[in-house]
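S.K.: Pasting a structure below so you can have a look.
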Amino acid sequence: MEREVRGIQLPLSQTQKVRLQKALEQLQSLSLKVNFDASVVVADSISVNHEDGVLKGHGTADLNGEVVATVCGVVERVNKLVYVRALRSRYKPEVGDIVIGRVVEVAQKRWRLEINYSQDAVLMLSSMNMPDGVQRRRTAVDELNMRCIFEENDVVCAEVRGFQHDGLHLQARSRKYGKLTRGQLLRVSPYLVKRQKQHFHHLEEFGIDLILGCNGFIWVGEHIEAKDDMVEDQVNQSDPQVLLPSKNSVSLEEQEKSYTTLETRKYICRAANAIRVLSTLGFNITLEIIKGIIDLSLSLNLDIHDMLGSEFCVLVAEKEAERRSSNKKKR
């Protein structure tokens, strides 16, 4: 289930507008001023030392002997290179990024995924673990069974491997990567998801998993335990080219095990709505804030669909201002 989250104009009453404006002003005053001097808008002059041989990068231009900004953002300097990092821009992949994509094509020895980038990404058959868990060369039988692994419209989690001659390549050489099922895929602006040490989160108290993709795709789904590789190896080691089971051969017991309980589905919807609220307000999406919004909705005994209402959005902004204010006082 995929729903694109965009900045929605909330139907606010006059009182709600005043409260929201006050909360946003408080958040702005609490924001760190580390890069305040480096912030520029279009046509702002950037101070540089021309004697050092400055290299003008993205977001800059030469105007009457001065370096000026062509986009709104923050001035960054790397040795002699000066460029402007735009505040809101398309996703720019970096090696090691955790991304979530949707399969758009099954080609020869590769899948093509849409990852909210200017071009589709490529996941090679040789760049992922096989379902049997055995490290071996890929055979013609594996290529014939590619649709048993991923097919069109499947949601897949992978890692950016790098750029090659035919485009951006991904890899999925770990059990934490692969096909995502029993959950919701949300799409937000990539700048709302910051690169962190950990993008895979398990909300144990709710029984759900959360994956924050650097490309702006976020997955919220039922927690799935990791499979035992040793058992799978013993079963499949005798015949490494064994055909994969088809989807129609799933037993009734396996279908019952894959059923998601109503309580878990409600928590998935609450977490998804929490992300939608953060996207609407333009707040950075982190695990701490998402859990806080879920707890707030539960404490208010709020229905899931009411979380997208104007009053709750204003309340989330006020709570976020209080949280940041209290964190600053503790320092």
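The values are calculated or read from the model by the stated rules, or taken from the named source; none is laboratory data. Since this is a predicted model, take the numbers as computed values, not measurements. When we count neighbours, we look across all protein chains shown, and the Cβ atoms used for this are built from the backbone with ideal geometry, even at glycine. For accessibility, only protein heavy atoms count, side chains too; no ligands or nucleic acids. Shrake-Rupley method; radii C 1.70, N 1.55, O 1.52, S 1.80 Å.
S.K.: Go through (1) under 20 Å from the mean Cα position of the chain (by Cα); (2) open to solvent by less than 70 Å² (accessible area, probe 1.4 Å); (3) at pLDDT 90 or above one by one and return the number of the condition residue 110 breaks.
M.R.: It fails just one condition, (1).
S.K.: From the set of residues in region 116-130 that are touching a residue at least 24 places away in the same chain (Cβ under 8 Å) and hydrophobic (A, V, I, L, M, F, W, C), which is nearest to residue 94 (Cα to Cα)?
M.R.: 121
S.K.: Of the numbered conditions (1) closer than 30 Å to residue 86 by Cα; (2) among the small types (Gly, Ala, Ser); (3) in contact (Cβ under 8 Å) with a residue 60 or more places away in the chain, residue 183 satisfies every one except a single condition; which is it?
M.R.: Result: residue 183 fails condition (1) only.
S.K.: Just give me the residues in region 120-148 being open to solvent by less than 20 Å² (accessible area, probe 1.4 Å) and either assigned to a helix (DSSP H, G or I) or outside the structural domain of residue 105 (by TED's automatic domain parsing) (or both), in sequence order.
M.R.: Matches in region 120-148: 142, 146.
S.K.: Can you name the condition, by its number, that residue 315 falls short on among (1) in a helix (DSSP H, G or I); (2) over 24 Å from the mean Cα position of the chain (by Cα); (3) closer than 30 Å to residue 224 by Cβ?
M.R.: Failed condition: (3).
S.K.: From the residues in region 158-181 that are of a type outside the set (Ser, Thr, Tyr) and outside any strand (DSSP E or B), which one is surrounded by the fewest Cβ atoms within 10 Å (Cβ to Cβ)?
M.R.: Out of the qualifying residues, it is 165.
S.K.: Related question: Taking the condition of being open to solvent by less than 40 Å² (accessible area, probe 1.4 Å) and either closer than 23 Å to residue 28 by Cα or in contact with a helix residue (DSSP H, G or I) (Cβ under 7 Å, 6 or more places away or on another chain) (or both), how many residues in region 303-314 meet it?
M.R.: Residues in region 303-314 being open to solvent by less than 40 Å² (accessible area, probe 1.4 Å) and either closer than 23 Å to residue 28 by Cα or in contact with a helix residue (DSSP H, G or I) (Cβ under 7 Å, 6 or more places away or on another chain) (or both): 5 in total.
S.K.: Quick one: how many residues across region 182-207 are open to solvent by 30 Å² or more (accessible area, probe 1.4 Å) and on the phi > 0 side of the Ramachandran plot?
M.R.: Final tally of qualifying residues: 1.
S.K.: With (1) over 23 Å from residue 186 (Cα atoms); (2) at pLDDT 90 or above; (3) not in a strand (DSSP E or B) as the list, and residue 117 as the residue in question, which single condition is left unmet?
M.R.: Tallying (1) over 23 Å from residue 186 (Cα atoms); (2) at pLDDT 90 or above; (3) not in a strand (DSSP E or B), residue 117 fails exactly one: (1).
S.K.: Yes or no: region 256-276 includes at least one residue that is part of a helix (DSSP H, G or I), over 19 Å from residue 27 (Cβ atoms) and modelled with pLDDT under 85.
M.R.: Yes, the conditions are met somewhere in region 256-276.
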